[in-house]
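All remarks here apply to the structure that follows.
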Amino acid sequence: MPQVQLNNFKMHYVERGTGPEPNVFGHGCISARRWWLPTIERLSKDDYQTYAIDLRAAGLSEQIETGHTLTQYADECRRPAPIRGCHWSAREF
């Protein structure tokens, strides 16, 4: 499963599709990347490249007790898809 090493934990993400339109999906406080799976599966069939991320201590990302601030989350959300001009969707932030 794809992961990216960040400053103090490993972030898990799912990548689907290969199209020219990259999209990153972030979850809210009580969910994980699984919430977005139906969406990214559908978009990847329509020629989009999609990423659904698990924030720190969520889903399959490394469980860590520190760093749970909006500033830290915002910085970490950029890491799996270092693509300029990508589209972002998030919920419950």
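The values are calculated or read from the model by the stated rules, or taken from the named source; none is laboratory data. What you see is a predicted model, and the numbers here were worked out from it, not measured in a lab. All Cβ positions, glycine included, derive from the backbone under ideal geometry; neighbour counts span all protein chains shown. Surface areas here come from the heavy atoms of the whole protein model, side chains and all, with no ligands, DNA or RNA. Shrake-Rupley method; radii C 1.70, N 1.55, O 1.52, S 1.80 Å.
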Open item on the list: For Cα extents along the principal axes in Å, pick the label among (i) 35, 28, 21; (ii) 32, 29, 22; (iii) 38, 24, 24 that corresponds to the value derived from the coordinates.
Closed with: (iii)
Task: Gained length - residue 91 relative to residue 47, 0.36 nm times residue gap less alpha-carbon distance - done: 13.5 nm
Open item on the list: I'd like the antiparallel share, as a percent to the nearest 5, of DSSP beta bridges with both residues in the chain.
Closed with: 45 percent
Task: Mean separation of Cα contacts under 8 Å, 6 or more apart, over the residue count of the chain: relative contact order % - done: 37 percent
Task: Inter-site label distance for residue 74 and residue 34 at 7 Å from Cα along Cβ, in nm - done: 3.0 nm
- [ ] Using amide H atoms built 1.01 Å from N in the peptide plane, name the residues 5+ places from residue 87, or on other chains, whose amide H lies under 5 Å from its own.
- [x] 23, 24
Open item on the list: Leaving out ligands and nucleic acids, and using a 1.4 Å probe, what accessible area per residue does the chain come to in Å²?
Closed with: 60 Å²
